[in-house]
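Okay, structure first, notes after.
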Amino acid sequence: MIFVWLEHFNGSLVQASRESLGFAKSLGDSVTGLVFGQGVDGVVSEAFHYGADKVIKAEDATLETFRAEPYIALLAKLVQDHNPTYVMAAATVRGRETLSGAAADVDGALLHDVVDAKVEGGKLVATRAIYSGKVVATEAVVGDGPQFVTLRSRAFKALESDSSRSGDVSTAAPVLSEDQIATKVESFEASVGTVSLTDAAIIVSGGRGVGGPEGFAPIRELAAVLGGAVGASRATVDAGWIPYVHQVGQTGKVVSPDLYIACGISGAIQHQAGMRSSKIIVAINKDAEAPIFKIARYGVVGDLFEVVPALTEALKARLGK
């Protein structure tokens, strides 16, 4: 039996959780989706559409918005009660936090940020990028008990949605009452940007070479033409040129798009840690010796303020925009 903890937002599964269901289903075992929240019947139906065979649903006011304490306590209790072989989740901030806490509570082994995996002898043999992506490691759990795994977003394919699928739904009660939960959610603030970095198939990023906040204008225009997201290096975020939500790298978002266009980014190892698993990397930089060219499939040595607008106009003509 495989447990997949499912993250959802605004009444719908996040794409990374759909991908996690797809990978779990490929292992050939029964897949049980875990849905925590309130008013989640739509999410439960969607879980079946994307591959779940069963769903355990926990609905309560204490679970309405994500908080680590009640989610971790509930997941740990379900693992202890059902003893699944694998417990999986997307390697989002919430997925990593929830599985890390539950694995610690039940003394289980955890493989983080897995980009590929297969089963050998009942054990999951996982491939992970380590040392800021410079080394690929193959790891497996050697002990007994549930194996906890977080799966990198866009590393695995989601199944096609099948609205005819349904299955058994069971319910679970929360473990913690409100007075046992230390944290409270007071409000939410919407992030800027129209396309989520972690979900984007195409990302156009700007680095120190953009020169200032106004330098992101051609980056945004190219991203808009391609239907992609806008990314940024840590240096530009630290300088206040663009909000943190756009930061890609070791201390920002880890992304794996189909296409990553790095504009004016030197390619320090901290930035590479967040994007080197992109399928195709295009680098645009005036410095021919910039480290980013070592990992790029295609490189353009030139001024981004000349190259990016020209590329944008060419794509507009090609795409009819």
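If you filter the stretch 272-321 for GluC sites (Glu not before Pro), then keep DSSP loop positions with at most 14 other Cβ within 10 Å, what is left? Sparse-neighbourhood loop GluC sites (Glu not before Pro): Glu289.
Sequence-ordered 3J(HN,Hα) estimates for the stretch 103-118 from the Karplus curve with 6.51, -1.76 and 1.60 and θ = phi - 60° stand at 4, 5, 5, 9, 6, x, 7, 10, 10, 9, 6, 6, 10, 6, 6, 8 Hz, glycine and proline given as x.
Residues Ser45, Ser161, Ser153, arranged from fewest to most other Cβ atoms within 10 angstrom of their Cβ, appear as Ser161, Ser45, Ser153.
Helices in the chain, meaning DSSP H runs of at least 4 residues, each add -39500 (n - 2.57). Divided by all residues, the mean residue ellipticity at 222 nm is -8500 deg cm²/dmol.
Of Thr32, Leu21, Thr98, which is farthest on the positive side of the dipole of the stretch 14-131, counting Cα position, with +1 on Lys and Arg Cβ, -1 on Asp and Glu Cβ, and the Cα centre as origin? The listed residue farthest towards the positive side: Leu21. Of the three principal axes defined by the Cα atoms of the stretch 2-180, the extents in descending order read 43, 39, 29 Å. Could you tell me which of Ser163, Gly249, His8 has its Cα farthest along the dipole of the chain towards the positive end, charges placed at Cβ (Lys, Arg +1; Asp, Glu -1), taken about the Cα centre? With unit charges placed on the Cβ atoms, the residue in question is Gly249.
Taking the Cβ of Gly39 as the center, what net charge do the other residues with Cβ under 10 Å away carry, scoring Lys and Arg +1 and Asp and Glu -1? Let's see the in-between values first.
Details: positive: none; negative: Asp41, Glu59, Glu64.
Counting the neighbours of Gly39, the net charge comes to -3.
If you take the beta carbon distance between Lys279 and Ser12 as r and set R0 to 25 Å, what does 1/(1 + (r/R0)^6) give as a FRET efficiency, to the nearest 0.05?
Details: r = 25 Å, r/R0 = 1.02.
Rounded to the nearest 0.05, the efficiency is 0.45.
Here the stretch 1-153 is treated with +1 on each Lys and Arg Cβ and -1 on each Asp and Glu Cβ, and its dipole about the Cα centre works out to around 400 debye.
Using θ = phi - 60° in the Karplus curve 6.51 cos²θ - 1.76 cosθ + 1.60, the 3J(HN,Hα) couplings for the stretch 139-151 round to 10, 8, 7, 9, x, 8, x, x, 9, 8, 9, 10, 10 Hz; x is entered for Gly and Pro.
For the chain, the direction-averaged projected area of the alpha-carbon convex hull comes to 17.6 nm².
For the stretch 141-214, the set of GluC sites (Glu not before Pro) satisfying both a DSSP loop assignment and a count of at most 14 other C-beta atoms within 10 Å is given as Glu160, Glu186, Glu189.
Shown for the stretch 2-180: lysine pairs separated by 8 or more places, or found on different chains, whose C-alpha atoms are under 17 Å apart, numbering 6. Rounded to the nearest 20 debye, the dipole size of the chain about its Cα centre is 1160 debye, using +1 on the Cβ of Lys and Arg and -1 on the Cβ of Asp and Glu.
Using the Cβ atoms and a cut-off under 15 Å, what net charge is assigned to the surroundings of Ser161, where Lys and Arg are +1 and Asp and Glu are -1?
My count for the surroundings of Ser161 gives 0.
Given in Å, the Rg to one decimal and the Dmax to the nearest whole number for the Cα atoms of the stretch 66-143 are 13.2, 39. Here the gap between Phe188 and Ala239, fully extended at 0.36 nm per residue and compared with their Cα-Cα distance, gives a gain of 15.9 nm.
What stretch of the chain, leaving out the sites themselves, is the longest with no chymotrypsin sites (Phe, Trp or Tyr not before Pro) in a DSSP loop having at most 15 other Cβ atoms within 10 Å? Please list the in-between numbers first.
Numbers: sites that count: Tyr131, Phe188.
That would be 189-321.
Measure out, as a whole number of angstrom, how far apart the alpha-carbon centroids of the stretch 213-264 and the stretch 88-124 sit. Centre-to-centre (Cα) distance: 29 Å. Taking a straight Cα-Cα cut-off under 13 Å and skipping sequence neighbours fewer than 8 places away in the same chain, the aspartates and glutamates within cross-link reach of Lys321 are Glu221, Glu313. In terms of surrounding Cβ atoms within a 10 Å radius of their Cβ, Thr171, Thr251, Thr32 rank from fewest to most as Thr171, Thr251, Thr32.
Taken over the alpha carbons of the stretch 166-321 as equal point scatterers, the Debye sum produces base-10 log I(q)/I(0) values at 0.09, 0.16, 0.17 Å⁻¹ of -0.35, -0.81, -0.90.
Taken together, the values in this text are just the output of simple stated rules run on the coordinates, not laboratory data. No experiment lies behind these values; they were computed from the predicted model shown. All Cβ positions, glycine included, derive from the backbone under ideal geometry; neighbour counts span all protein chains shown.
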